[in-house]
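A short worksheet on the structure shown next.
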Amino acid sequence: MSARGEAPDAGPRHAVAGRVSGLVVAAHRRHYVVDVDGDGTIECVLKGRRMTLACGDRVDVEHSAATSAIVDVLPRRNLFYRSDAFREKLLAANVSQVLGVVAPDIPVDEHLLNRWIIAAETERCRFVLVVNKADLAGSEAFAARFDPYARLGYPVLRVSATQDVSPLRPWIASQHSVAIGQSGMGKSTLINALLPDTQARIGEISQALRSGRHTTSSTALYRIAGNDGWIVDSPGMTVFGLAHCTPSAIEHAFVELRDLAGRCRFRDCRHDTEPGCAVQAAVRAGRIAAQRVELLHALLREARSAHDPGR
Ligand SMILES: Nc1nc2c(ncn2[C@@H]2O[C@H](COP(=O)(O)OP(=O)(O)OP(=O)(O)O)[C@@H](O)[C@H]2O)c(=O)[nH]1
Ligand SMILES: [Mg+2]
Ligand SMILES: [Zn+2]
């Protein structure tokens, strides 16, 4: 990886030439760091323009003293990413759990948070909301704001990356997690606290010296010692496009609507003003949040125009 300090320290370099397999642990544009299972790391380029890789991908590398190239990618369980009409931003591959991180000192974009949940559901990942900076004044009242997400079934964990991350520990063991959130919520600090041995690998300090800001600029994967779990740190985001999700995938990602599937009078009900709509009936009865149904409509409008622009 280029020495711009954006990738974590690659650690001891894998020494033996030949074909080896490993795990992508850092990704920045088309440069990657591959962790050769327990035997050092290799900085690689990716040959061929068709593939794009993410942290968490398992790959084969053709390694020599002169160059190292990724020549094959193993099939993925899933790919967690965001997208708009123009491009895709890969966050991690083979993910089992998405950790959405919020904190009381930065205005939370709840629309964004809901998009993370939809993206996690569509990739069949568990979504956990991490309410960080529990040490700050007002944190308890702030955390209460997320009770509706707990009622939907999403774990809401209150932690302090600087004082106590123990409530989060049992949730990350043996999981393949990706931490996402707006900038400054404490994703990198949380990972440092959870995995102290890997602290040196977080490329924050050199970066802070360069720009004066502690911000993550590319994704990086950190293994959990003692099990096969890992956590991916990702750069802070302000948008999360779901252009890759079909309307039906989006509808299915709303957990509270699953029980109502097929209950509307019309099979093609858009849950808007149609008579006999079970979703609107549940909103009137207070069983479903009107805000979530508004979000559903906004996302469906977006998805319909992305997947069928003529409509
Ligand atoms: N008081 C307090 N401060 C915290 C806590 N966690 C993180 N911080 C501070 O919040 C700031 C941002 O933390 P980072 O870990 O860099 O945040 P990030 O989410 O990784 O940000 P990006 O990389 O820009 O996306 C830093 O100054 C941290 O020291 C916490 O639990 N309590
Ligand atoms: Mg960070
Ligand atoms: Zn309906």
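Quick notes on this structure:
- One residue stands out in the range 174-198 among those that are in a loop (DSSP other than H, G, I, E, B) and hydroxyl-bearing (Ser, Thr, Tyr): the one that is nearest to the chain's Cα centre (by Cα), namely SER183.
- Among the criteria (1) more than 21 Å from HIS28 (Cβ to Cβ); (2) modelled with pLDDT under 95, the one THR198 does not fulfil is (1).
- The residue that is surrounded by the most Cβ atoms within 10 Å (Cβ to Cβ), counting only those in the range 274-288 that are assigned to a loop (DSSP other than H, G, I, E, B) and near ligand 3 (Cβ under 10 Å from one of its atoms), is CYS277.
- Qualifying residue in the range 163-173 (condition: within 16 Å of ligand 2 (Cβ to nearest atom), modelled with pLDDT of 95 or more and not in a helix (DSSP H, G or I)): yes
- Of the candidates ALA253, ALA249, ALA290, the single residue that is closer than 20 Å to PHE146 by Cβ and in contact with a Ser or Thr (Cβ under 8 Å, 6 or more places away or on another chain) is ALA253.
- Any hit, the range 234-243, residues being within 10 Å of ligand 3 (Cβ to nearest atom) and either surrounded by 14 or more Cβ atoms within 10 Å (Cβ to Cβ) or small (Gly, Ala, Ser) (or both): no
- Top-ranked residue in the range 130-152 [being of a type in the set (A, V, I, L, M, F, W, C) and in contact with a Pro (Cβ under 7 Å, 6 or more places away or on another chain); ranked as surrounded by the fewest Cβ atoms within 10 Å (Cβ to Cβ)]: LEU136
- Residue in the range 71-83 that is free of Cβ contacts under 8 Å to residues at least 24 places away in the same chain and over 24 Å from CYS245 (Cα atoms) present: yes
- Residues being within 22 Å of LEU296 (Cα to Cα), out of contact with any strand residue (DSSP E or B) (no Cβ under 7 Å at 6 or more places or on another chain) and assigned to a loop (DSSP other than H, G, I, E, B) - total across the range 86-124: 2
The values are calculated or read from the model by the stated rules, or taken from the named source; none is laboratory data. Keep in mind that this is a model prediction, so the values were computed, not measured. Because the Cβ atoms are built from the backbone with ideal geometry, glycine has one as well, and the counts that use them run over all protein chains shown.
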